[in-house]
Amino acid sequence: MRRSGIRALATACAATAALTLLTACGGKDGDGPGKDDGDGGPRSDARSVPAPRRSFDPPRAFDTASAVDLPKESYTGKVTIGGALAGRPPVVLHRTLAHIASADALQTVDASTGRVVSRVGPAREALKPASSMFEASPVQPPAVVETAAVPVVVQPFLVKIPGKGTTAAGQAVEVVVADAVTGELKWRTEVPLPRWEDYSTPEVAVAGVDKGVAVVTATTGDHALTFALSIDTKKPMWQKEFAGVAVAGGVVAGPDPRGIGEKQRLKALDLATGEEKWSTKDDSYESSVRAASPTLLAFSGRDYGSGHGFLRFLDAASGDVRNEPKDDAPGPDCSYDGRSVTVCAGSRGQGPVVALDARTAKELWRLPDQGANRVAPTVTAVHHGLVYGRTANGPVLVDALTGKDVDTKSPLGVAPVLVNGYTAVALDRRTDTLKAYRTKG
């Protein structure tokens, strides 16, 4: 089993990794003159945005006749040969818009028509990760951040810093911040990466957002760098040699070290300062963590001594265990409904589906229920009190608080993987593509 760990950053590398704000002068994709947006960067190719329409919150029906094909970047490398999604599609919804990330662009699409409203690329040359037909695309969804002014979309890109004279070329993370309502570029910032001695191409992602701060992580097989960016002040806050993968409760958490086969502990850094706030006491391996709600972390792995698997729901601020299911635990794929409930399930419908109070981690209900002759659905999305999913009987709706089936006047039509009051995004199993649908009830 390969041993890997995060190596120390050299002093010279740390110096070059200082956080800097770009004053790019490129055009809409950084390749030509552009108009100043007031922050030193170019304007994006933004067109008129669609007029608001009625919102159904939460939606209980979708207009299947309104199906719109989303760009191929929304699903390329995310659908398995068997016709299932491999990981989260690189899409985030905001009102009637779908913001779609790829290795070299952030597209804003009118989900009602499929029209591309805006396309923003990095100012520097984007470095695309190595791809394979047998591996899922590493591109992760952008993140929407609510600010004092307007909501914005945040997307990081891995870019190349050209060499000059005796200075060798390098790599950086360029973060693009766009208006969530128009898709127009607001500003951008760049974080140079150390010269890691690693043959793999770093992968970059937004680990999470909280209180106007976006946390971005760049990782390879052996190395990681995490930094926090204040969206309101447009200023970097801190950076650490650490793989932060989950943000909740004012901390960013990740297994430390992150290597395969390593003896690990979960470590949490303060979101505002980057200083260590707490770490777990027990050693584990094959560990993973994700935000289960704004205040809870779902921490899973295997005990390093016994090899037994575990799933623990931790208070993010303190690291205290709130719940640790002992028997028939759900999988660690947890989704917060945006109100008060967290629903956890295994990947691809394996294991039970369990709903928890999003604040206390107290179990509310679980499926399957043999006594009531009820099966567990494959959960596809959770939103504002409803669980969307699929069984052998087709798409289903379940009340997130009670676990009871929700009766609808007409067939649900689709099992969305992303949903808000205006739009649902679902996988079309006939074409292995993603389509957007209007909500209608």
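Structure notes:
- Nearby aspartates and glutamates by direct alpha-carbon distance to Lys72 (threshold 18 angstrom, same-chain neighbours under 8 apart not counted): Asp104, Asp110, Glu135, Asp428, Asp432
- Tyr304 sits with roughly 100 Å² accessible to a 1.4 Å probe, with DNA, RNA and ligands left out of the calculation.
- Surface composition of the chain: carbon and sulfur atoms hold 49% of the protein heavy-atom accessible area at a 1.4 Å probe.
- Take the Cα radius of gyration of region 360-410 and divide it by 2.2 N^0.38 Å, N being the number of residues; the result is 1.13.
- Global size of region 280-383 as Cα Rg and Dmax, reported in angstrom: 13.5, 41
- As a length-normalised measure over Cα pairs under 8 Å and 6 or more apart, the relative contact order of region 203-350 settles at 13 percent.
- Whichever lysines have a C-alpha closer than 18 Å to that of Lys267, once near sequence neighbours (fewer than 8 apart) are set aside: Lys240, Lys277, Lys281
- Short-range pairs are left out: with C-alpha atoms under 8 Å and at least six residues apart, the relative contact order of the chain is 15 percent.
- Note on Asp303 and Arg53: their simple-model spin labels are 5.4 nm apart, each label 7 Å out from Cα toward Cβ.
- Ratio of the Cα radius of gyration of the chain to 2.2 N^0.38 Å, where N counts its residues: 0.97
- Rounded to whole Hz, the Karplus (6.51, -1.76, 1.60) HN-Hα couplings of region 413-420, x for glycine and proline: x, 9, 10, x, 9, 9, 7, 9
- Mean sequence separation of contacting Cα pairs (under 8 Å, at least six apart), scaled by the length of region 196-245, corresponds to a relative contact order of 30 percent.
- Region 82-165: Cα Rg divided by the 2.2 N^0.38 Å rule of thumb: 1.26
- Note on the chain: helix-only mean residue ellipticity at 222 nm, from DSSP H runs of 4+ residues weighted -39500 (n - 2.57) and normalised by residue number, equals -500 deg cm²/dmol.
- Cα centroid separation, region 313-337 to region 71-99 (Å): 27 Å
- Against the criterion of solvent-accessible heavy-atom surface with a 1.4 angstrom probe, Asp179, Asp405 sort, most first, into Asp405, Asp179.
The values are calculated or read from the model by the stated rules, or taken from the named source; none is laboratory data. Quick caveat, the model's predicted, so the values are computed rather than measured. Note that we place each Cβ from the backbone using ideal geometry, even for glycine, and neighbour counts take in every protein chain shown. We work out accessible area using only protein heavy atoms, side chains counted, and drop any ligands, DNA or RNA first. Shrake-Rupley method; radii C 1.70, N 1.55, O 1.52, S 1.80 Å.
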